[in-house]
Amino acid sequence: MKRISGARFVPPRGTPAWWARHWLRFAAVASVLVLLAGTHYPKLVIGAPGDGPDKILHFLAFGTVTVLLRLSGIAASGLSALVIVGSLAIVDELTQEIPGLGRSFDPLDLVADAGGILVALAWIAALGPDRRGPDWFRIRQTRRLASLVLLLSSPANWMHLAIATSLGAMVGGVFLGVAGRNPIVGPVTMVVVGAAAGGIAGLVACLESGRRFSTARMDETQRCLDCLTPNASPRCAVCGGRYEGPSDRRIPSRRIAMVATLWTIGSAILLFGGYLLLMPFSSDRNWMGAAVRRYDAFGLSFEMMVDAALLGLISAFVVHRSRRRMSGIAARYGIECLRCGHDLQGLPEHLEPRCPECGEAFEADSDAAHVAVRTDSEEHDAR
């Protein structure tokens, strides 16, 4: 399959994969137009002085544009996405000096744009296909990607995603705007942060729900994993790809995801703790106090943007490492017990084989003498 081999695949016109790319490109162009319209609206001011979330909005807007340009294929690689969106950010700031707009060039806006671009590219790289694992593991990832592409091939699904994102943004914005009132962060900034968090949560929840439905639909019609044309078993008549069914092999992905979540939460706590430790130095006359005061002078919106960028990069790195760990576990599948790591090679066959070290049940596989299959994986994850 072309997606598994890493070759760049251009879906034939009219196939579900072609329609998904078509709608992604439409969304990418629309996002660029909306961004330029918003940044060039004459004398636009959001929030009162000291409560302007402009840097956060720049971070979110350019991150969104980067994701859409990269996923749509307009930017063929991460480097090309960096060049295209980075150039767009520079042109966007320079053209705000046009007389009559009432706008001005702000280098801090460029920093916020760069933060959004880098975080978006980091997450795309972290969630991209990992080609280091065995074939069955790579096919599993290709199936997940194909189900998402099938989801995005329908305009109705795009409408569902837009509704879920909007509802999440409204709920998050209202909740944080009311429950998050404090003397430090203004209400407009709190609403924007809550809307961003809620919108992302709604989008991710809708994507995951739709992906599961698309997976069932893909298996029911045996769609090609390349162009998503139905009845592609044994070979797709349109592009030459093929359908691959689900694998019975399981790895402890829930436990790995929990570890990644804990690392991300711990990183956020460390960042917050670092700021608390630096706050007393703001009144000192030494170099540290001067640095803290200069950083505070950039404004709260810029500081929150930096926090979001650091946390986004750290969490993307944690997810990347976790997925590499999953591919490493998949490579050891059938060689050692996935629960305790005990060597399973050369064990005698039994009617109900179990790991002699921890008692984990495993089953023989046609490709290996003894393959540890996590038949009790959910039970052990709960433990």
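Restricting attention to region 78-113, the residues that are of a type in the set (A, V, I, L, M) and not in a helix (DSSP H, G or I) total 2. When Thr15 is tested against (1) closer than 20 Å to Trp158 by Cα; (2) surrounded by fewer than 14 Cβ atoms within 10 Å (Cβ to Cβ); (3) among the β-branched types (Val, Ile, Thr), exactly one condition is not met: (2).
A search for C-beta distances below 6 Å between a residue of region 141-168 that is under 14 Å from Thr15 (Cα atoms) and any residue that is modelled with pLDDT under 95 and assigned to a loop (DSSP other than H, G, I, E, B), counting only pairs 6+ apart in sequence or on different chains, returns Ala146/Leu225; Leu150/Leu228.
Condition first: among the β-branched types (Val, Ile, Thr) and either assigned to a helix (DSSP H, G or I) or crowded, with 16+ Cβ neighbours inside 10 Å (or both). Now tell me which residues in region 151-186 satisfy that. Within region 151-186, Ile163, Thr165, Val171, Val174, Val178, Val185 qualify. Being modelled with pLDDT under 75 and on the phi < 0 side of the Ramachandran plot narrows it down to one residue among Glu303, Glu357; which is it? Answer to the selection: Glu357. Taking the conditions exactly as written (small (Gly, Ala, Ser) and assigned to a helix (DSSP H, G or I)), does Ala75 satisfy them or not? Against the criterion (small (Gly, Ala, Ser) and assigned to a helix (DSSP H, G or I)), Ala75 does not qualify.
Among the residues of region 224-231, not a single one is of a type outside the set (D, E, K, R), closer than 24 Å to Ala61 by Cα and in contact (Cβ under 8 Å) with a residue 40 or more places away in the chain. No other residue among Gly168, Gly194 is under 21 Å from the mean Cα position of the chain (by Cα) and closer than 27 Å to Ser72 by Cβ apart from Gly168.
The values are calculated or read from the model by the stated rules, or taken from the named source; none is laboratory data. Here the structure is a predicted model, which means the values were calculated and not measured. FYI the Cβ positions are ideal-geometry reconstructions off the backbone, even for glycines, and counts take in every protein chain you see.
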